[in-house]
1. Looking at the structure I just gave you, is Thr249 surrounded by 21 or more Cβ atoms within 10 Å (Cβ to Cβ), of a type in the set (Val, Ile, Thr) and out of contact with any Cys (no Cβ under 6 Å at 6 or more places or on another chain)?
2. Quick check, is Val398 surrounded by fewer than 16 Cβ atoms within 10 Å (Cβ to Cβ), within 21 Å of His259 (Cβ to Cβ) and in contact with a strand residue (DSSP E or B) (Cβ under 9 Å, 6 or more places away or on another chain)?
3. Within segment 307-316, how many residues turn out to be surrounded by 17 or more Cβ atoms within 10 Å (Cβ to Cβ) and either over 18 Å from Leu255 (Cβ atoms) or without any contact (Cβ under 8 Å) to a residue 40 or more places away in the chain (or both)?
4. Restricting attention to segment 437-476, report how many residues are of a type in the set (D, E, K, R), in a loop (DSSP other than H, G, I, E, B), modelled with pLDDT of 75 or more and surrounded by 14 or more Cβ atoms within 10 Å (Cβ to Cβ).
5. Check whether at least one residue in segment 398-414 is in contact (Cβ under 8 Å) with a residue 60 or more places away in the chain, assigned to a loop (DSSP other than H, G, I, E, B) and either closer than 22 Å to Val469 by Cβ or not acidic (Asp, Glu) (or both), and report yes or no.
6. Considering segment 357-390 alone, what residues qualify as being touching a Lys or Arg at 6+ places or on another chain (Cβ under 8 Å) and over 26 Å from Pro477 (Cα atoms)?
7. How about segment 477-507: which of its residues are at pLDDT 70 or above, farther than 18 Å from Ser442 by Cβ and of a type in the set (A, V, I, L, M, F, W, C)?
Amino acid sequence: MSNAPGDLAPDRAAGPGGDVVHGLLRLAGMDVALPLSALREVVPCPAELAGLPAAAPGLLGAIELRRLVLPVLDLQAVTGRPEERRADQVVVVVASGDRVLGLLADQVQGICEVATDTLVAAHAHGGGLLFSHTFRHPETGRAYSVLDAAAVLALPGVPTVTDVTRDAAPVGSGGQPAGRHTLTVLRCGGYQLAIDAAHVHTTIPTPDLRTSVLTSRMCPGTVVYADREVPVVDPLVLLGLGELPRADTGAGLVLDLGHGYVVLALSELLELAHVGPDDVLPTPSFALPRPDLLAGMVEVDGVGDCLVLDGGTMLTDPQLSGFAAVNTALEATRSDEDPALSAAAAAAGGAPSYLTYSIGLDIATPLEQVSEILPFPDSLTRTSVPGLLGLVTHRRAVVPVLCLSTLLGREQREVGPSTCLLLVEMDDEVVAFAVDALRSISPLTWTDADQAVRGDRGATLQSAPLVRVGEETRLLPDLDLRAVARRLRATTALPTSRLGTAELTAV
């Protein structure tokens, strides 16, 4: 069905809240998008294509796709952007109504949801445009043009064919046959993986991994995404299938767990594939190390067997949730000399992870107590309360910033380039403790549950039990930051004149 320029096609796949779900592609030297309802699938492009008794600008020939002889068009010739063919290019199957055509593309960049009110209609005097709208990627700000599938299939002299590979099933609100869903197909080392596109926040090309305190076998580093430093997780380690070679990391898949992001390290994004409800086959639970994270296996034409990740379970997995919980916010106004602050969640082993940090001496705290780590703010709203450095707004809340060293009866520390804030949630409140520097994130290796402690266990340096973490040979105080915050809140109920380090450090 053809649509007038500027009108949203009624069969475009819609996401939550009326968002339009697009597949993102790189073709003809351009970043373009296609509504998922117009993007049927993506297949590898053979080196040689079959000839067709037709001639049109950009017509390369045809490929065999199941029961179809599918014409393939290179838009570079149509747009006047000649580039040489590459061996790794793919064919995107584009549909309008019951007609299909193959477009040569450089790569699939993933999917994203775009609010309908951010789609800007495109017009040209006399018509002839091959795109209907433009938009900026909601996360990266990158500009994309939305291909008008009907206009592409209506190019003069370009042959199209009837799609006889699809059942004439009723179409739901998402523009796909009822019961079918779209998988994002990925390569991760020697494995093909797939995940329901509905669970993919977005994808990023060639993530620039940064070394951080969380670097480990499961987490090779972090990337900057959405003004945060976000942990990157090796899905093969997570699934117990080995380890992705760092040299083979060429893309990233971003998961939004609600309270933060996690990036899955990948070798490459292969394609988008539509599957039916019975296409994903169950796998024997004993045959895989982490069967809870897999929905089954599916065979994708041109790719082969793929392990299908259970997106819903991935978004609630404790290990991934831990990584997402401590995304580090970045501030553009910070000096370039400031080191990037980052932290991540539990180590792959079963032992609880601890965050170690310094306030003039090194301290350990269970990582699950720290909801977020932030750079020290450039400015604070000062108050006259002793021990309180000031107030700062964060995530629509006013957060008190406390000098942890002062609260523990030590001297106040000067703010330096590595000073950061540890955010701790206490009941319905959040407090921030300023510390000198982060040290590491390591699993607990030793603790003596029977060691004698006095007063509020772990709320002061004197009452904190001693632990050993990671490769450390030293014993470190296990400070309970939530207990410190509760003790502070109880103390502030007293007159201000009585608030001081004596009450906070009494044993």
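1. So Thr249 passes the test.
2. yes
3. 1
4. So the answer is 1.
5. Yes; the residues of segment 398-414 include at least one that is in contact (Cβ under 8 Å) with a residue 60 or more places away in the chain, assigned to a loop (DSSP other than H, G, I, E, B) and either closer than 22 Å to Val469 by Cβ or not acidic (Asp, Glu) (or both).
6. Matches in segment 357-390: Asp378, Gly390.
7. Answer for segment 477-507, where residues must be at pLDDT 70 or above, farther than 18 Å from Ser442 by Cβ and of a type in the set (A, V, I, L, M, F, W, C): Ala483, Val484, Ala485, Leu488, Ala490.
Conditions tested, residue by residue: (1) assigned by TED's automatic domain parsing to the domain that holds Val158; (2) at pLDDT 80 or above; (3) not hydrophobic (A, V, I, L, M, F, W, C).
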| site | (1), (2), (3) |
| --- | --- |
| Gly61 | yes, yes, yes |
| Leu75 | yes, yes, no |
| Pro82 | yes, no, yes |
| Arg85 | yes, no, yes |
| Val93 | yes, yes, no |
| Ser96 | yes, yes, yes |
| Leu103 | yes, yes, no |
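The values are calculated or read from the model by the stated rules, or taken from the named source; none is laboratory data. Since the model is a prediction, treat every value here as computed from it, not as a measurement. Counting neighbours? That spans all protein chains shown, and the Cβs are built from the backbone with ideal geometry, glycine included.
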